[in-house]
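Working notes, beginning with the structure itself.
All of the numbers you see were taken from the coordinates with simple rules; none came from a lab. In this text, all values refer to a predicted model and were calculated from it rather than measured experimentally. Here Cβ is always computed from backbone atoms with ideal geometry, including for glycine, and neighbour counts include all displayed protein chains.
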Amino acid sequence: GIAEEIDGNIGLAHAYSELGVIFLIAVIAVGILGLYGSNSALREMYRDDTASVLHLKTSSERLLLLRVGFGEVEQLISAGKPAQREIARQHALLNESNKELEAFRKLHEPLPAEKALTDAMQARRDQLLAQVFQKALTELDQDNLVDFLTTQREAPPALFSDYQSALTALENFQVERQKARFDTTDARFEAMLWTLGAAAAVALVIGFFAQ
């Protein structure tokens with residue numbers, strides 16, 4: 001009779017309550033997995049894109065400083081002044097540029113599209129070093145000032161522009177991939193928030209029926 005009905009209602013309330021707890025646990029687990037996925041995506045974005053662009057830009061900036069520095073060395077030599085300190089700085093700049101590029105290559109194993117762009121940039125850079133920068137440093141180290149001045153004055157402008165174009169293409173690839181990953185992570189995080197909000201609403205409904 002009435003006692004049985006009351007017991008049934010209590011049992012039903014317990015069932016609703018247990019269902020609510022199970023549902024909340026499941027949603028929390030999904031939320032944790034979503035946060036973990038978002039954090040993993042952010043770590044990948046930094047490692048593969050942000051850090052890549054930083055290494056590439058730093059390496060390129062050192063080469064630009066190297067180019068400017070050779071102009072300063074040329075002026076000193078033309079004026080008959082010593083340039084040993086400036087030449088030592090040129091060696092340091094090239095070493096720093098090489099180290100930054102090496103750090104970029106060690107970040108991750110590139111996919112075919114990125115590898116093609118990296119190889120193209122590396123080929124243009126090697127040409128620039130062999131025909132201008134490294135060649136000029138070797139001539140300075142050998143105190144071959146006449147050939148150094150010739151190298152500086154006859155350096156083909158295309159070597160610089162080709163390297164810069166290849167570098168820009170690689171940097172643009174990194175930036176676009178970073179943007180795509182950020183958009184994906186942002187969408188995943190927003191979806192997770194909506195899921196948790198819906199779960200809270202369902203939990204309220206279950207709690208109401210459990211009373």
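Miscellaneous remarks
- Gyration tensor (alpha-carbon) shape descriptor, the range 91-144, a/c threshold 1.5: oblate
- If the chain linking ALA158 and LYS57 were pulled fully straight, counting 0.36 nm for each residue of separation and taking away their Cα-Cα distance, it would gain 34.4 nm.
- Modelled FRET efficiency - R0 45 Å, ALA180 with ARG85, Cβ distances, 0.05 increments: 0.45
- Electrostatic bookkeeping for LEU93 treats Lys and Arg as +1 and Asp and Glu as -1; over the other residues with beta carbon under 10 Å from its beta carbon, the sum is +1.
- Environment charge at GLN84 (Cβ cut-off 12 Å; Lys +1, Arg +1, Asp -1, Glu -1): 0
- Reachable lysines, given that their alpha-carbon falls under 28 Å from the alpha-carbon of LYS81 and they are not under 8 places away in the same chain: LYS135
- Net charge in the neighbourhood of GLN134 (other residues with Cβ under 12 Å of its Cβ; Lys, Arg +1, Asp, Glu -1) is -1.
- Treating r as the C-beta distance of HIS108 and VAL68 and R0 as 41 Å, the FRET efficiency rounds to 0.80.
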